[in-house]
Amino acid sequence: MKLARKITSTLTETWLGLGLLLGFFLILALYLTGFPQFMSIDTYKLSEIEKGASKEEVALTPPSAGGETEFQEEEPKKTEEPKEIVPMNPICDFSDWRYDGCEMHGDARALGQENNSIVYFIPPPSQIETAEAQEWKVKSQSRKIVGIREVIVKSLNSSSPPAPECTIRKNVPALVFATNGLTFNLWHAFSDVLVPLFTTSRAYDGEIQFLITDYQDWFVEKFDKVFKALTNYEIIDFDTDREVRCFEHIIVSLRGHKEFGIDPARAPRNYDLFQFRMFLRDSYSLPFWLDIPYKVNNSPDKKPRMMIILRGRSRKFENADEIIAAAEQVGFEVIPGKPESENMTEFAKKVDSCDMLLGAHGAGLTNMVFLRTNAVFLQVEPWGNMKWACDLFFNEPATEMRLRVLGYNITAEETSLYEKYGKDSPVIKDPDQLEKWGNGSLVYWQEQTLRLNITRFTPVLEQALQLVKE
């Protein structure tokens, strides 16, 4: 009996020990499994820092899922608003009262057409999605007048029809301009094309190609030396060209600041009209820095040379022979000049050989560009309050070219209008009133010829001679 109790007691103690032991391991297992959930956030952060994470990273890292610590929820992502369509400015500028102009940097493509040639501009990838598709018609010369051939400029975007593929690429800029308009007149040829062409292109030192719309063969041939001095490349007849010419830089139209002039403040390299005249001397192989011929010539019997421009129609000198004789009497050697009948290069050399240029207001006086520095320029002002035109078109440019300027204002008796209309006519007595009626241009510019009073004119010739000899 005692033996049975002993065995029973021993078994009871054994099972109790086993139960306690199993319970201990069960509790330990549960504790270890749930341990991270019961860690404090400070303990969690410390453990992460010990693993090498920075404090900033820890602050943004939530504890394991199921923890009781509250964390700030992520802000919902903002919905992207539609991109605003913005114009690609500035490409074209129509604000100047004299000229329109466009300038493109990037992917620009020129396509010639018979009526209106086209220049395409494709914005860069970073801008093409937001660019606005636009189209302009540009008068491609320096003067906004009727008859100037327009060029179409198209700025594309991602929704536009594709531009034509390039057939020729150039790594130099292109300049698009017209040679029509009033260029048959020498003054307009210079004021509307040649001076603005110099202003717009000279700074490229020949590394620019010209695409000419409304191409005038005679014009390009007449001023070939000017064109060759401004571009090293073939001149393209844009309207008949069927290539798609691609450039990284295209300029459309010429920058003309004023009548027969340059505003240095607006010109590249501060170009002015004196520099234009010196550029012409270089283009036509004329002596560059020499003084006027009279001061270079050491001959003891030398005479100053004067060229007189002989007009063939309106405002011509009726007594040209008397004027020449008076100039010779004063001491000049006189050279008659008829610009329209001579080759441009040869006539430029003839003007360069003179110390003075004389003529009535008109296009022929434009040849003063071939005179040397300090030469004398003498303009005869016709009847009809034409001083403003004489000053604006010739006297002011001549001064800017560093010529010495003189003028002669005729009296009523020296114009053919005096005999034609009579001394009591408004044409003679009241030119201002005639201008108000709108008839002045026809009468004063087209109808009159001049017969100078030699006695009255001779002192002006003497003054000119004195200037030459100073």
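The values are calculated or read from the model by the stated rules, or taken from the named source; none is laboratory data. The shown structure was predicted, so the numbers you read here are calculated from the model rather than taken from an experiment. All Cβ positions, glycine included, derive from the backbone under ideal geometry; neighbour counts span all protein chains shown.
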For the range 243-349, list the helices (runs of 4 or more DSSP H) that sit wholly inside it and hold at least 1 residues that are within 30 Å of ASN453 (Cβ to Cβ) and either without any contact (Cβ under 8 Å) to a residue 40 or more places away in the chain or out of contact with any Gly (no Cβ under 7 Å at 6 or more places or on another chain) (or both); which are they? 293-296, 320-330
Which of the residues spanning the range 125-139 are more than 13 Å from ILE91 (Cβ to Cβ) and touching a residue at least 12 places away in the same chain (Cβ under 8 Å)? ILE128, GLU129, THR130, LYS137, LYS139
Tell me whether the range 250-268 contains one or more residues that are farther than 13 Å from THR199 by Cβ and surrounded by fewer than 16 Cβ atoms within 10 Å (Cβ to Cβ). no
Could you tell me whether the range 282-297 includes any residue that is closer than 23 Å to LEU406 by Cα, of a type in the set (D, E, K, R), within 40 Å of the chain's Cα centre (by Cα) and modelled with pLDDT of 95 or more? no
Checked the range 100-127 for anything assigned to a loop (DSSP other than H, G, I, E, B) and among the acidic types (Asp, Glu); matches are ASP100, GLU114
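Rundown of residues vs (1) of a type in the set (Lys, Arg); (2) farther than 30 Å from ASP352 by Cβ; (3) crowded, with 19+ Cβ neighbours inside 10 Å, yes/no style:
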position: VAL376; (1), (2), (3): no, no, yes
position: PRO382; (1), (2), (3): no, no, yes
position: LYS387; (1), (2), (3): yes, no, no
position: ASP391; (1), (2), (3): no, no, no
position: ASN439; (1), (2), (3): no, yes, no
position: TRP445; (1), (2), (3): no, no, no
position: LEU450; (1), (2), (3): no, no, yes
position: ILE454; (1), (2), (3): no, no, no
Of all residues in the range 408-456, which are β-branched (Val, Ile, Thr) and under 40 Å from the mean Cα position of the chain (by Cα)? VAL443
For the range 128-231, give me every one of the helices (runs of 4 or more DSSP H) that falls completely inside it and has 3 or more residues that are hydroxyl-bearing (Ser, Thr, Tyr). 195-201
Qualifying positions in the range 236-295 - touching a helix residue (DSSP H, G or I) at 6+ places or on another chain (Cβ under 8 Å) and under 30 Å from PRO123 (Cβ atoms): ILE251, LEU254, ARG255, GLY256, HIS257, ALA267, PRO268, ARG269
Note on the range 155-175: residues closer than 18 Å to ARG242 by Cα and either under 15 Å from the mean Cα position of the chain (by Cα) or touching a residue at least 12 places away in the same chain (Cβ under 8 Å) (or both) are ALA163, PRO164, GLU165, CYS166, THR167, ILE168, ARG169, LYS170, ALA174, LEU175
